[in-house]
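Below: the structure, in structure tokens.
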Amino acid sequence: MRLMKILSMITKRICPMPYALCLIALCACATKDPVLPGERHSVFDTGGIVVLDKPVPENALKEISRPGVRTAEYIQDSNNVVWRISGDERIRIFSGFPTTAHVSGERRPTVTDKYIFAGLSTGEVVKIDRATRNLVWVADIFKSSAMTGGSSILDVVAPVMTDGDRFVYAGGLGGSFCKLNSDTGAKVWCSGVGTGTPFIVRTGVSYVVGTDGYLYAIAGGTGDVFWRTEIKTQARPEFSDGTIIVGKEKFDSITGDMR
């Protein structure tokens with residue numbers, strides 16, 4: 001992959017140790033990104049999936065208020081470019097690295113009053129200042145094993161979600177679903193659940209359709225899994241009257257039992 005070649009070249013120049021060891025050292029903390037401007041945070045150590053086998057607390061199901069406006073229409077193409085559409089004018093806001101391996105389909109960045117959040121086919125999530133177009137931070141949303149050959153597609157295709165000005169939620173095909181600090185992009189927690197569909201975020205739980213064929217109820221405070229249950233189809237989950245609907249299947253939002 002082009003990104004990996006660039007990282008390899010940069011790493012060999014600045015690090016005398018073997019490439020793999022140097023890459024681990026570089027990813028251990030937040031640094032200035034050698035490729036993209038802005039602050040980078042790596043979230044490779046997801047800690048796996050911890051299943052608690054316990055019900056979701058009822059107070060975790062409260063809906064989150066997400067203030068934000070879209071004063072103009074923003075789109076994102078398959079080459080990781082974010083555009084603002086104003087009348088007949090198309091203005092380039094951000095350009096990431098294109099990849100040959102990515103999921104097809106329409107993409108939409110998440111736009112708030114001041115910022116734009118976008119998931120990229122490189123497995124990255126970016127925060128962009130709407131007024132200046134400056135890149136605020138970059139976060140890598142995939143497992144280390146995916147980066148070293150475990151997956152050919154790292155795409156963060158599911159829309160990024162925000163929790164006011166506090167947290168950002170993002171998941172991708174690189175096997176990781178993460179809660180990030182909105183100001184810095186630093187990891188709050190990451191669970192080893194890969195996803196390619198939109199997900200549901202409530203005050204204390206996220207419902208995520210995993211690429212492994214399970215529906216997960218992930219605790220908002222820790223990233224542990226309250227419960228998981230097998231599903232038949234990969235579809236966007238919907239929340240309705242205490243029920244999670246995935247395709248034609250219905251599950252109790254608290255226990256995960258099929259209805």
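Count of lysine pairs in segment 98-234 with Cα atoms under 20 Å apart, counting only pairs 8 or more residues apart in sequence or on different chains?
Working: LYS114/LYS127; LYS114/LYS179; LYS127/LYS179; LYS127/LYS187; LYS143/LYS179; LYS143/LYS187; LYS179/LYS187.
Taking segment 98-234 as the scope, the lysine pair count is 7.
Identify the trypsin sites (Lys or Arg not before Pro) of segment 150-214 meeting these criteria: DSSP loop state and at most 13 other C-beta atoms within 10 Å of the C-beta. Write out the running numbers ahead of the final one.
Working: sites: ARG166, LYS179, LYS187, ARG202; in loops: ARG166.
Here the sparse-neighbourhood loop sites are ARG166.
Within segment 101-139, find all residues whose amide N lies under 17 Å from a label point positioned 7 Å from the Cα of GLU73 along Cα-to-beta-carbon.
Label zone hits: 106-111.
Quickly work out the THR100-to-ASN59 label distance, labels modelled 7 Å from Cα along the C-beta direction, and quote it in nm with one decimal.
5.4
Starting from the Cα of LYS54, draw a straight line to each of the aspartates and glutamates and keep only those under 15 Å, dropping any in the same chain fewer than 8 residues away.
Once the sequence-local aspartates and glutamates are set aside, what remains near LYS54 is ASP224, ASP252, ASP257.
What does the net charge come to around VAL188 if you take all other residues with beta carbon closer than 11 Å to its beta carbon, with K and R at +1 and D and E at -1? Can you show the working numbers first?
Values: positive: ARG166, LYS179, LYS187; negative: ASP163.
Counting the neighbours of VAL188, the net charge comes to +2.
Could you name the aspartates and glutamates in cross-link range of LYS250, using Cα to Cα under 17 Å and dropping any fewer than eight places away on the same chain?
Reachable aspartates and glutamates: GLU230, GLU238, ASP241.
Which distance in Å, rounded to a whole number, links the C-alpha centroids of segment 193-259 and segment 160-190?
Cα centres, segment 193-259 to segment 160-190: 17 Å.
Heavy atoms only, 1.4 Å probe, whole protein assembly: order MET161, MET258 by accessible area, highest first. The partial results should precede the final answer.
Numbers: MET161 40, MET258 125 Å².
Result of the area sort, largest leading: MET258, MET161.
The values are calculated or read from the model by the stated rules, or taken from the named source; none is laboratory data. Computed from a prediction, not measured in an experiment: that's the story for all the values here. Heads up, the Cβs are rebuilt from the backbone with ideal geometry, glycines too, and the neighbour counts pull from every protein chain shown. These accessible areas exclude ligands, DNA and RNA; they are computed on the full protein's heavy atoms, side chains included. Shrake-Rupley method; radii C 1.70, N 1.55, O 1.52, S 1.80 Å.
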